[in-house]
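To start, the structure under review is shown below, and the notes come after it.
The values are calculated or read from the model by the stated rules, or taken from the named source; none is laboratory data. Note that the coordinates shown come from a computational prediction; the quantities given were computed from them, not determined experimentally. Reconstructed Cβ throughout: ideal geometry from the backbone, glycine too, with neighbour counts over all protein chains shown. We work out accessible area using only protein heavy atoms, side chains counted, and drop any ligands, DNA or RNA first. Shrake-Rupley method; radii C 1.70, N 1.55, O 1.52, S 1.80 Å.
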Amino acid sequence: MSSVLEGCGSSKVIAGTIDHSDLVMPATAFQSNNAYHKYVVVQHPSLKYPVCVYRTSQTEYIALLMRCTHQGAELQVFGDRLECPAHGSQFSNTGKVQNGPADTNLRTFPVTVINDQIHISLK
């Protein structure tokens with residue numbers, strides 16, 4: 001399993017499925033009793049790094065590759081930011097560099113919702 005830290009109690013790690021070139025996860029993965037997780041970390045054996053999916057509204061999501069753009073370390077999630085354990089680079093929940101040494105934003109993926117399934121295009 002990935003080394004994902006939970007910065008608060010609003011996260012979840014799940015296994016996604018691959019459908020053609022999409023990583024697929026159920027939209028219900030964000031539900032927790034009467035609340036919603038801010039983000040879900042999605043893993044799949046064919047992916048070297050997990051994908052962090054933030055829920056920005058009832059129908060909008062942002063998917064980020066959890067790979068630091070500085071030297072390729074796997075990022076950790078702390079609420080609304082991702083952080084590199086190797087050199088401390090920080091990224092926002094939209095993938096923008098907040099603190100170096102990384103100087104390139106994270107890779108993002110297009111997200112669509114089809115029949116309560118979140119499709120993350122890995123193309």
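For the chain, the C-alpha radius of gyration sits at 0.99 times the compact-globule guess of 2.2 N^0.38 Å, with N the residue count. Val13 contributes an accessible area of around 60 Å² to the protein surface, as traced by a 1.4 Å probe with all chains present.
Whole-Hz Karplus values for the range 57-67 come out as 7, 4, 10, 10, 9, 10, 10, 10, 6, 7, 10 Hz, taken residue by residue from phi with 6.51 cos²θ - 1.76 cosθ + 1.60 and θ = phi - 60°; glycine and proline positions read x.
Computed about its Cα centre, the charge dipole of the chain is approximately 120 debye, with only Lys, Arg, Asp and Glu carrying charge at their Cβ. The heavy atoms of Cys68 present about 0 square angstrom of accessible area, all protein chains included, probe 1.4 Å.
Identify all lysines with a Cα-Cα distance to Lys38 below 22 Å; exclude those on the same chain that are fewer than 8 residues away in sequence. The reachable lysines, counting only those whose Cα sits under 22 Å from Lys38, are Lys12, Lys96. Counting protein heavy atoms only, the chain has 46 percent of its accessible area on carbon and sulfur, 1.4 angstrom probe. Across the options Leu47, Leu82, Thr104, the greatest Cα extent toward the positive end of the charge dipole of the chain (unit charges at beta carbon of Lys, Arg, Asp, Glu) belongs to Thr104. The residues His87, His70, His37, sorted by heavy-atom accessible surface at 1.4 Å with ligands and nucleic acids left out, run His87, His70, His37 from largest to smallest.
What is the sum of charges around Val40, taking Lys and Arg as +1, Asp and Glu as -1, for the other residues whose C-beta is under 11 Å from the C-beta of Val40? So the environment of Val40 carries a net charge of +3. Taken per residue, the accessible surface of the range 6-83 reaches 50 Å², heavy atoms only and a 1.4 Å probe.
At the residue level, Glu74 shows approximately 40 square angstrom of accessible surface with a 1.4 angstrom probe and all protein chains present.
Looking at the chain only, what percent of DSSP beta bridges run antiparallel? Nearest 5 please. Mind dumping the intermediate values first?
Values: 34 of 37 bridges.
Here the antiparallel bridges make up roughly 90 percent for the chain.
Accessible surface ranking for Ile62, Ile114, Ile120, 1.4 angstrom probe, highest first: Ile114, Ile62, Ile120.
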